[in-house]
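The values are calculated or read from the model by the stated rules, or taken from the named source; none is laboratory data. Bear in mind that the values here come from a model prediction, so they are computed numbers and not experimental data. We place every Cβ from the backbone using ideal geometry, glycine too, and count neighbours over all the protein chains shown. Keep in mind that these areas ignore ligands, DNA and RNA; they rest on the heavy atoms of the full protein, side chains included. Shrake-Rupley method; radii C 1.70, N 1.55, O 1.52, S 1.80 Å.
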Amino acid sequence: QAKRSGRNRAVAYRAEFDAEVSQRLHLLAELREALRLQQFTLVFQPLFDRAGEAVALEALVRWQHPQRGLLSPAEFIGVCEESGLIVELGRWVLQEAARHHRLLDAAGLGRLRMAVNVSAAQFGHDLASDVKAALQQCPMPAGALELEITESLIMHNFERTIELMQQLAAMGVSFAVDDFGTGHSSLAYLKRLPIDRLKIDRSFVQDLATDPDDATICASVINLAHSLHLSTVAEGVETKAQLDWLRERGCDEVQGFLLGRPQAFASLLPVLLGHGGPRPAA
Ligand code: C2E
Ligand code: MG
Ligand code: MG
Ligand code: MG
């Protein structure tokens, strides 16, 4: 009996495993099609400085799926990264980001940085030439491009990372460490990289006003960053209390639903130009 139920379990497990694998393969095939059919799109979220001025836009990818509607990266970035498809998707994101910066420039907002998230696999390929190509095509000044990388990317292959980052920094590209505080990067390593900004992870910002530990972490990151001559951004600012706390502690920039949600470029532009109704509660 026991043996038999064990076997049934194994069979059930096997079936589940097969279903999972075939689902991922199906998703991957769909993603390849999506690239070909241009079903991806970018939304943009503004970052604000201490004076409440917009200083940057972060480009965030979405997939306009023919049946399932608008999908967020959580639904597909993982498979893109595992399969290597992220290299091609990332190239497209860079090109689109540059094209939109060109539109910003035409509207008199060329001073805004354009921030683009990049994955480890893109670093494994020749990211520098992808960036160069994207900047030339539109064209967009390298100084306006900021690449957001994670601590795990940095620690994954440090020697390779430092070489590529130096190459890109020499072109004028800047770097932000995304989700800072959630990874395992070491200060000794960070210090050796051409990093301009630390983005304090949303998870620490969330309970800032109520959890003394999170408040301590945020304050420490801001102080640490400033003593290393780095700038700070707080991600996921949703309340006025969080905003006030961050301002008071000297956080340089803020980003979050309180100030502006990720949205289509066409609807964001009038807001940035100051004729999109009331200014965000900055
Ligand atoms: P991220 O780079 O840390 O981006 C911030 C995420 O937080 C975005 O989710 C944004 O919509 C969300 N967010 C912003 N403000 C708030 C807030 O006040 N409250 C809450 N709850 N959330 C907020 P999104 O767009 O779903 O992107 C998720 C992640 O997917 C990104 O995290 C980034 O790691 C990745 N991603 C997005 N676009 C790209 C891309 O083009 N390439 C790569 N490699 N990764 C991307
Ligand atoms: Mg980011
Ligand atoms: Mg982040
Ligand atoms: Mg995040």
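Could you compute how much accessible surface R91 exposes when probed at 1.4 Å, giving the result in Å² to the nearest 10?
Probe radius 1.4 Å; accessible area of R91 about 90 Å².
Suppose each label sits 7 Å from its Cα in the direction of the beta carbon; what would the R111-L35 distance come out to in nanometres?
A separation of 3.8 nm, rounded to one decimal place.
Report, to the nearest 10°, how far helix 2-36 tilts away from the longest principal axis of the Cα atoms in the chain, using its own Cα long axis and a range of 0 to 90°.
50 degrees
Which far-off residues, 5 or more places away or on another chain, put their amide H under 5 Å from the one on E148, with H placed in the peptide plane?
For E148, the qualifying residues are V116, N117, V118, A176.
Please work out how much accessible surface L208 shows to a 1.4 Å probe, ignoring ligands, DNA and RNA, in Å² rounded to 10.
10 Å²
Taking the Cα centre of region 97-178 as the origin, how large is its charge dipole in debye, to the nearest 20, when only Lys and Arg (+1) and Asp and Glu (-1) carry charge on their Cβ atoms? Numbers along the way, then the final one.
Numbers: 6 positive and 9 negative charges, 78 e Å.
Around 380 debye, computed over region 97-178.
Find the Cα radius of gyration of region 1-109, compare it with 2.2 N^0.38 Å by division, and give the number to two decimals. Write out the running numbers ahead of the final one.
Values: Rg = 20.8 Å, N = 109, 2.2 N^0.38 = 13.1 Å.
Against the empirical 2.2 N^0.38 Å value, I get 1.59 for region 1-109.
Using only helices, what value at 222 nm comes out for the chain when you add -39,500 (n - 2.57) per DSSP H run of length 4 or more and divide by the total residues, to the nearest 500 deg cm²/dmol? Don't jump to the answer; show the numbers that get you there.
Values: 12 runs with 142 residues, N = 282.
When only DSSP H runs of four or more count, the value is -15500 deg cm²/dmol.
State in Å² the accessible area per residue of the chain; use a 1.4 Å probe, count heavy atoms of protein chains only, and round to the nearest integer.
On the way: 14230 Å² over 282 residues.
Accessible area per residue, the chain: 50 Å².
How far apart, in nm, are two points set 7 Å out from the Cα along the Cα-to-Cβ line at T182 and at A10?
3.9 nm
Taking a quarter of the surface of the Cα convex hull of region 186-247, what do you get in nm²? Please report the intermediate quantities before stating the final value.
On the way: hull surface 16.6 nm².
With the hull built on Cα positions only, its mean projection is 4.1 nm².
What's the extension gain from R160 to A51 if we count 0.36 nm per residue and subtract their Cα-Cα distance? Let's see the in-between values first.
On the way: separation 109, 0.36 × 109 = 39.24 nm, distance 3.79 nm.
35.5 nm is the gain from fully extending R160 to A51.
How far apart, in nanometres, would the label points at H226 and L28 be if each is projected 7 angstrom from Cα along the Cα-to-Cβ direction?
Result: 4.9 nm between the two label points.
At 1.4 Å probe size, put Y189, Y13 in order of accessible surface, largest to smallest. Walk me through the intermediate numbers first.
Values: Y189 85, Y13 150 Å².
Of Y189, Y13, the descending order of accessible area is Y13, Y189.
Of all the accessible heavy-atom surface of region 37-194, with the other protein chains kept in place and a 1.4 Å probe, what percent is carbon and sulfur?
49 percent
Go ahead and collect, in residue order, the members of region 58-82 whose backbone nitrogen is under 20 Å from a label point 7 Å along the Cα-Cβ direction of D18.
Zone members listed by number: none at all.
Mind computing the radius of gyration and Dmax over the alpha-carbon atoms of the chain? Å is fine for both.
Gyration radius and largest Cα-Cα distance of the chain: 20.8, 76 Å.
With bins 5 Å wide starting at 0, give me the P(r) of region 169-282 over every alpha carbon pair, in whole percents.
For region 169-282, the pair-distance distribution reads 2, 11, 20, 21, 17, 14, 10, 5, 1, 0.
Could you calculate the contour length gain from S152 to S203, that is, 0.36 nm times the residue separation minus the distance between their Cα atoms, to one decimal place in nm?
Values: separation 51, 0.36 × 51 = 18.36 nm, distance 1.70 nm.
So the chain would gain 16.7 nm between S152 and S203.
Rounded to the nearest 0.05, what FRET efficiency do E238 and L71 have when you use their Cβ-Cβ distance and R0 = 30 Å? Mind showing how you got there, number by number?
Working: r = 23 Å, r/R0 = 0.76.
With a Förster radius of 30 Å, E is 0.85.
So what's the convex hull volume per residue for the Cα atoms of region 98-242, in Å³? Numbers along the way, then the final one.
Details: hull volume 16.8 nm³, N = 145.
Enclosed volume per residue, from the Cα hull, is 116 Å³.
Subtracting the Cα-Cα distance from 0.36 nm times the residue separation, let me have the gained length for R249 to E82 in nm, one decimal. Walk me through the numbers on the way to the answer.
Numbers: separation 167, 0.36 × 167 = 60.12 nm, distance 3.93 nm.
Net length gain for the segment: 56.2 nm.
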